[in-house]
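The values are calculated or read from the model by the stated rules, or taken from the named source; none is laboratory data. From a predicted model like this one, the values you see are computed outputs, not experimental measurements. Cβ atoms come from the backbone with ideal geometry, glycine included; neighbour counts cover every protein chain shown. Note: areas computed on protein heavy atoms with side chains; ligands, DNA, RNA excluded. Shrake-Rupley method; radii C 1.70, N 1.55, O 1.52, S 1.80 Å.
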Amino acid sequence: MVANRMYAEDTSFTATYLRRYWKELVDRTRAYSWRTRHRGVLISSNGLWPYVDFNSVGMYPWNPDEQTPDFRGADYVPVVEGHLNGAKSLQSQYRYLKEQSARIAGHVPVVVFIDWPNDMMTSYLNLPLEERKDYWRIFGAEAYANGIFPAFHLKDTVGSPTATDLGMMDFFKTYTRFYKDHRALFSDNVISTRAVRVSVAHVAASLLVQRGTGKRSLHLVNHNYDQGITPQSGFTVEADLGSCPRRVSLVSPDFPHAKSPAFSCQYGKLRMTVDRLDHYDIIRL
């Protein structure tokens, strides 16, 4: 077990018996709740653990989620000279967490949160207000785009400024409404290995497939950023889907209503033009 991860391949004495001990605790807790209250309980983690209903992973320095020369791991709050580095993508790191969680705990939801007190939290708190919002518009969206659920930061327990103190609450109330209204899009997805191609740079694309229903959604996150987003327009997206969709619609937290973009598809190969990408677009197939 390293850095809150109980790795599936770790068969050492310590890891083997820690898993057994943890499973016994979980089983007894669930049985006690049902026996005394006739109710189930949901069990979460602090890290990647087995036998839970969802995994909750803190984003902190010195994590094992990316191999880096300084051994600090994945930089989940990328900052350059005090400003948000929105040009960076966290797609590979989010996918790593999702993959590891599936190996450890099966297909349970994975939640990520900025952990504290550490320099990632400090970097986030010290961002200018609009760049703090952009953090969620880009990296919160990119978590959703790769089957991960971001926990929007409201407060911690060590006295740091709250979302209200930072002037973020009105933004959170408005921004998160999109995800609530479209919750069915984000439930129980796996990442498809089928190829997706975008004709412009600085766009991270991912194709998600919903377990059980087979519904597909194509996600585009804009990383064309320098102390503010630069929208991209009139670019082409191609995806090898295997089978063609009957219809396509486009939704986004960046505009109020769904759009019906023109598309072509032959032999499972989709091609369409995106008229505008601000931070995050979702193409429902």
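When Rg is the radius of gyration of the Cα atoms in region 47-119 and Rh is its Kirkwood radius, what does Rg/Rh come to?
Working: Rg = 13.1 Å, Rh = 13.2 Å.
Ratio of gyration radius to Kirkwood radius for region 47-119: 0.99.
Are there any trypsin sites (Lys or Arg not before Pro) in region 241-285 that are in a DSSP loop and have at most 11 other Cβ atoms within 10 Å? List them by number.
Numbers: sites: R246, R247, K259, K269, R271, R276, R284; in loops: R246, R247, R276.
Of the trypsin sites (Lys or Arg not before Pro), the ones in loops of region 241-285 whose Cβ has at most 11 other Cβ atoms within 10 Å are R246, R247.
Quick one: order H257, H202 from most to least accessible surface, probe 1.4 Å. Walk me through the numbers before you get to the answer.
On the way: H257 135, H202 105 Å².
Listed by decreasing accessible area, they come as H257, H202.
Compute the distribution of all C-alpha to C-alpha distances in the chain, in bins of 10 Å from 0, and list the percent of pairs in each, rounded to whole numbers.
Per 10 Å bin, starting at zero, the Cα-Cα P(r) for the chain comes out as 6, 26, 33, 23, 10, 2, 0 percent.
Tell me, what is the 1.4 Å probe accessible area of D181, in Å² to the nearest 10?
Accessible area of D181: about 110 Å².
Per residue, how big is the convex hull of region 1-83 when only Cα atoms are used? Give it in Å³. Display every interim value, and only then the final one.
Numbers: hull volume 9.0 nm³, N = 83.
It is 108 Å³ per residue.
What does the net charge come to around D75 if you take all other residues with beta carbon closer than 9 Å to its beta carbon, with K and R at +1 and D and E at -1? Could you put the intermediate results ahead of the total?
Values: positive: R72, K88; negative: E66.
Spelling it out: positives minus negatives among the neighbours equals +1.
Tell me, what is the 1.4 Å probe accessible area of T14, in Å² to the nearest 10?
100
Taking all protein chains together and a probe of 1.4 Å, list R137, R103 from the most accessible to the least accessible.
Values: R137 45, R103 120 Å².
Order by accessible area, largest first: R103, R137.
Given bins 10 angstrom wide, list per bin the percent of all Cα-Cα distances in region 133-174, short to long.
P(r) over region 133-174, rounded to whole percents: 27, 49, 23, 1.
For region 85-233, build the charge dipole from Cβ charges (+1 Lys, Arg; -1 Asp, Glu) around the Cα centre, then report which of V111, T157, A184 sits farthest towards its positive end.
With unit charges placed on the Cβ atoms, the residue in question is A184.
Going by Cα centres, region 235-264 and region 72-148 are how many Å apart?
Cα centroid of region 235-264 versus Cα centroid of region 72-148: 26 Å apart.
Please compute the alpha carbon radius of gyration of region 175-264, then divide it by the globular-protein estimate 2.2 N^0.38 Å. Two decimals is fine.
1.14
With Cβ to Cβ distances under 12 Å as the rule, what net charge do the other residues near R103 carry (K, R +1; D, E -1)?
On the way: positive: R5, K98; negative: E9, D10, E99.
Net of charged neighbours comes to -1.
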